[in-house]
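Reading through the structure tokens given below for one structure.
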Amino acid sequence: MGLPMRFMIRVAMILAALTGLTVHGGAQARPAAKPLQVRIVIVTMFEIGKDTGDAPGEFQLWKERRHLDTRIPFPQSYHDLYYNPQSHILGMVTGIGNIRSAAATMALGLDPRFDLSHAYFLVAGIAGIDPHHASIGSAAWARYLVDGDLAHEIDPREIPADWKYGYFPRDRQGPNDPRSPHPTGEVFEINGALRDWAFALTSNVTLPDNPSIAAERARFTGFPEAQRPPFVLKGDQLAALTFWHGKLMTDWAEDWVTYWTEGKGTFVTSAMEETGTYQSILYLDRIGKVDKRRFMVLRAGSNYTMPPPGVSAAENLLRENEGYSGLRASLESLYLVGSKVIDELLWHWDRYGKVVPG
């Protein structure tokens, strides 16, 4: 009897750890008798250092200002979850890259501690931003999420003379072939009506500006959108695991998004996660765990995807590795714009809990 009893005790301890809640300060809360009702899931990808009190990454402002003080152990993923039982907001940090974001989203959706059936998901992250369309600090609402990894590739030095790129879809014979009528994970269209509603609600939000980012955007002579003070816009996202940079790569990103969206989308932001996150959302929607119509993507530019005139791609990339000039402004933009939508949803939850706006 000894071994089975020890085994049973160990299993009970693991289950208790997985279902326990920790309140800010370390006090242990009683396990929930029924799944936590979640109204908003804030999806961030990384944090810098601690979750509070130091230089912020994507999660810190949300945790501090939205009082996400109830810690929920989440050992099956990258980072513990944080919850506000008054507002029913849940905050998560997926880790960088679409592999981690997909795994974290799936782990959350299958976790029996949460009822996410009516939850709105807001992805709020920094991004590279195309200077043809926006400036650093600007925040873009996406409709199309395009994957930048699923492809064939030949080194540009070995491509045929009539190929613009050595990168082309897996089921095509080259980059000049028309798009497949049935994409298999290369492009996703999220709820455009919800995106348009969120943009209309936030288009006049005044975003933070400062001398540092003003000086950075002034370098982009000949790019009028890149020289504007930060603003809110609609623009689509390319997700790729490689941190790419430069004019030629930006040309490719613009063409890749145009190709996969059949001219309906416009490349504005570059990141790494959303195709993985949304793929999990689609799977979870199939089994009734989440509602895919309630998914939003907001990205703010922390840096440009290419250098200003007169600067090489290599020089600018190495400079950016020392720190993004628009990081803090983009984090503030994400919070200001995203909060406008969150507040509207929560203030009128009697309506939006039942009916998706837009």
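The values are calculated or read from the model by the stated rules, or taken from the named source; none is laboratory data. All values reported here derive from a predicted model rather than from experimental measurement. Every residue, glycine among them, receives a Cβ derived from its backbone with ideal geometry; neighbour counts consider all protein chains shown.
In the list E273, E254, E262, which residue meets the criterion of being more than 14 Å from the chain's Cα centre (by Cα), farther than 20 Å from A198 by Cα, modelled with pLDDT of 95 or more and crowded, with 17+ Cβ neighbours inside 10 Å?
Among E273, E254, E262, only E254 is more than 14 Å from the chain's Cα centre (by Cα), farther than 20 Å from A198 by Cα, modelled with pLDDT of 95 or more and crowded, with 17+ Cβ neighbours inside 10 Å.
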Inset, instruction - Assess whether D149 counts as being at pLDDT 95 or above, closer than 22 Å to M306 by Cα and of a type outside the set (F, W, Y). - result: yes
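Restricting attention to segment 94-142, report how many residues are of a type in the set (A, V, I, L, M, F, W, C) and in a loop (DSSP other than H, G, I, E, B). Steps first, answer last, please.
The first filter runs over segment 94-142 and keeps only residues of a type in the set (A, V, I, L, M, F, W, C), leaving 96, 99, 102-104, 106-108, 110, 114, 116, 119, 121-124, 126-127, 129, 134, 136, 139-142.
Now narrow it down to the ones that are in a loop (DSSP other than H, G, I, E, B): 96, 110, 116, 119, 134, 136, 142.
Counting residues in segment 94-142 that are of a type in the set (A, V, I, L, M, F, W, C) and in a loop (DSSP other than H, G, I, E, B) gives 7.
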Inset, instruction - Specify the residue that is surrounded by the most Cβ atoms within 10 Å (Cβ to Cβ); the eligible residues are those in segment 33-47 that are over 20 Å from S270 (Cα atoms) and not small (G, A, S). - result: V41
Inset, instruction - Could you tell me whether segment 318-326 includes any residue that is within 19 Å of M272 (Cβ to Cβ), modelled with pLDDT of 95 or more and not in a helix (DSSP H, G or I)? - result: no
Inset, instruction - Determine whether G128 is of a type outside the set (D, E) and in contact with a helix residue (DSSP H, G or I) (Cβ under 7 Å, 6 or more places away or on another chain). - result: no
Inset, instruction - Go through segment 196-240 and count every residue that is surrounded by fewer than 16 Cβ atoms within 10 Å (Cβ to Cβ) and within 17 Å of F267 (Cβ to Cβ). - result: 0
Inset, instruction - Look through Q86, Q28, Q60 and report the one residue that is among the polar types (S, T, N, Q), surrounded by fewer than 24 Cβ atoms within 10 Å (Cβ to Cβ) and at pLDDT below 95. - result: Q28
Legend entry - Per-region count, segment 118-145, residues under 16 Å from the mean Cα position of the chain (by Cα), of a type in the set (A, V, I, L, M, F, W, C) and farther than 18 Å from R293 by Cα: 5
Inset, instruction - With the checklist (1) more than 15 Å from D130 (Cβ to Cβ); (2) crowded, with 19+ Cβ neighbours inside 10 Å; (3) under 19 Å from the mean Cα position of the chain (by Cα); (4) not acidic (D, E) in hand, flag the one item K292 doesn't pass. - result: (2)
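So which residues in segment 143-189 are closer than 30 Å to S333 by Cα and either in a loop (DSSP other than H, G, I, E, B) or aliphatic (A, V, I, L, M) (or both)? Can you show your working first?
The initial filter retains those residues of segment 143-189 that are closer than 30 Å to S333 by Cα, namely 143-149, 185-189.
Residues satisfying the conditions are R143, L145, V146, G148, D149, G185, E186, V187.
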